[in-house]
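A short reminder: the numbers here are calculations on the coordinates, not readings from a lab. Model, not experiment: these values are computed from the prediction. With ideal geometry, Cβ positions are generated from the backbone for all residues, glycine too; neighbour counts draw on all protein chains shown.
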Amino acid sequence: MGNFIKVTERSRLREGAGRAFTVDGRELALYLVEGTVYAVENLCPHQHIPVLAEGEVNGTVLTCPMHGWQYDLTTGRSVNASSRLTQFDVRCEGDAVFVSIPDEEEAPWW
């Protein structure tokens, strides 16, 4: 499996808002929603533009700011299409937020 890498501190995340990070050469978007941290690739599956961290979050539904496509952060699945976000496992230890970045050969292809 991938290695867990420290990305940030939970105290640096805002409830219901995304924040972009570059980790091990990958663009990630982290979201804090009702105390849970979610990590997805910061690329819109529709246009492959790194904008998801700027999207609006309503509950666990993320709306892409480019064209309004919506995704469920708990599953990664699109609410209104067949696309899917690339998700990453998150582990929190105290205030530290760690994200598991899979090795290239382990990366899922959707």
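With the crude spin-label approximation of a point 7 Å out along Cα→Cβ, what separation in nm comes out for R84 versus F4?
2.4
How large are Rg and Dmax for the chain when calculated on the C-alpha trace, in angstrom?
Rg, Dmax (Cα atoms, Å): 12.9, 37.
Find the relative contact order for the chain and round it to a whole percent, using C-alpha pairs within less than 8 Å whose residues are 6+ positions apart.
On the way: 237 pairs, mean separation 31.6, N = 110.
So the answer I get is 29 percent.
Explain nothing, just the number: dipole magnitude of region 3-106 about its Cα centre with +1 on each Lys and Arg Cβ and -1 on each Asp and Glu Cβ, in debye rounded to the nearest 20.
Values: 9 positive and 16 negative charges, 61 e Å.
Charge dipole, region 3-106, about its Cα centre: 300 debye, nearest 20.
Put a dot 7 Å past each Cα toward the Cβ at E27 and T63; how far apart are the dots in nm?
For T63 paired with E27, the spin-label model returns 2.1 nm.
Quick one: length gained pulling R12 to T75 fully straight, 0.36 nm per residue minus the C-alpha distance?
On the way: separation 63, 0.36 × 63 = 22.68 nm, distance 2.38 nm.
Going from the current span to full extension adds 20.3 nm.
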